[in-house]
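**Student:** The structure's right below; bear with me while I get my questions together.
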Amino acid sequence: AKGTEALSSGNISHRIPVAGASEMVDLARAFNAMTDRLQEKAKESRDFQEALESLNATLEEQVLLRTRALEESEAQYKTLVEHSPDAILIVQDRKVRFVNRAFEETFGVSMDDARGPGFDLDTIFDSTSAALVRGRIDAWLRGDNLGAVEVIGHDASGKTRHLELRGSRIEYLGDAAAECLLIDTTEARQLRDKLTETE
């Protein structure tokens, strides 16, 4: 009875003296064997708990390190995109999802207007280039690796812009998108033309 009370109170180290009548000896041995097993299981449980806590601490540290690295990478990418001298835009589901400052300055279209429901990307390209641009964006979304192509655009004032279009497929907000880089070659082209005339 004392052994049972000790066990129920959590004292699994208590043992019963093995003495007395045969039935009592068998009962005492069975009780002691049961508490031995309980003690082993309790130790296994503590060891498992400690191992689990150690693993959780390691995983948390790894998650923190990876999160920090991802945040730093995203910050560097954002800085690079925002300070790029070339226009960058992200197209998803045939809609403009993002444009950088250089895009706004080159075409005179604000990010809010570009991302608005009424904005059509074709409007910034010459009619001779719009279909080519759409085709390239579709190809990049499929994962095709196509090189640069020259296209003609127009800014908000109607000025013609000679552009080199580059792009690739990226993941944006969990879905496929095309990241497009528009390098304004207008001035370089004009300088080449003047050099040709001079020569």
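**Student:** Is one or more of the residues making up segment 35-45 surrounded by 13 or more Cβ atoms within 10 Å (Cβ to Cβ) and touching a Lys or Arg at 6+ places or on another chain (Cβ under 8 Å)?
**Tutor:** Within segment 35-45, one or more residues are surrounded by 13 or more Cβ atoms within 10 Å (Cβ to Cβ) and touching a Lys or Arg at 6+ places or on another chain (Cβ under 8 Å).
**Student:** Ok, one more. Is at least one residue of segment 9-22 assigned to a helix (DSSP H, G or I) and either loosely packed, with under 10 Cβ neighbours inside 10 Å or more than 50 Å from the chain's Cα centre (by Cα) (or both)?
**Tutor:** Yes, segment 9-22 has at least one match.
**Student:** Considering each residue of segment 25-80, count those that are under 30 Å from Gly3 (Cβ atoms) and among the hydrophobic types (A, V, I, L, M, F, W, C), and give that number. Before you say what the answer is, go through the steps one by one.
**Tutor:** Step one: list which residues in segment 25-80 are under 30 Å from Gly3 (Cβ atoms), which gives 25-50.
Checking which are among the hydrophobic types (A, V, I, L, M, F, W, C) leaves us with 25, 27-28, 30-31, 33-34, 38, 42, 48.
So the answer is 10.
**Student:** Let me ask something additional. Which of the following residues is modelled with pLDDT under 95, hydrophobic (A, V, I, L, M, F, W, C) and more than 14 Å from Glu179 (Cβ to Cβ): Phe98, Phe103, Phe119?
**Tutor:** Checking each option against the conditions leaves just Phe119.
**Student:** When segment 168-185 is examined, which residues are found to be under 20 Å from Gln92 (Cα atoms) and either in a loop (DSSP other than H, G, I, E, B) or among the β-branched types (Val, Ile, Thr) (or both)?
**Tutor:** The answer is Ile170, Leu173, Gly174.
**Student:** So, restricting to helices (runs of 4 or more DSSP H) that lie completely within segment 58-167, which ones have at least 1 residues that are exposed (fewer than 14 other Cβ atoms within 10 Å of the Cβ) and within 26 Å of the chain's Cα centre (by Cα)? Give the steps one after another, and end with the answer.
**Tutor:** On the way: elements: 101-107, 111-115, 127-141.
Counting at least 1 such residues, we get 111-115, 127-141.
**Student:** Next question, about the same structure. Only one of Glu104, Glu53, Glu40, Glu82 is touching a Ser or Thr at 6+ places or on another chain (Cβ under 6 Å) and not aliphatic (A, V, I, L, M); which? Walk me through it before giving the result.
**Tutor:** Values: Glu53 fails: touching a Ser or Thr at 6+ places or on another chain (Cβ under 6 Å); Glu40 fails: touching a Ser or Thr at 6+ places or on another chain (Cβ under 6 Å); Glu82 fails: touching a Ser or Thr at 6+ places or on another chain (Cβ under 6 Å).
Of Glu104, Glu53, Glu40, Glu82, the one residue that is touching a Ser or Thr at 6+ places or on another chain (Cβ under 6 Å) and not aliphatic (A, V, I, L, M) is Glu104.
**Student:** Quick check on Leu59: is it out of contact with any Lys or Arg (no Cβ under 6 Å at 6 or more places or on another chain) and in contact (Cβ under 8 Å) with a residue 60 or more places away in the chain?
**Tutor:** no
The values are calculated or read from the model by the stated rules, or taken from the named source; none is laboratory data. Because the structure is a prediction, the values reported are computed rather than measured. Glycine also receives a Cβ, built like all others from the backbone with ideal geometry; neighbour counts cover every protein chain displayed.
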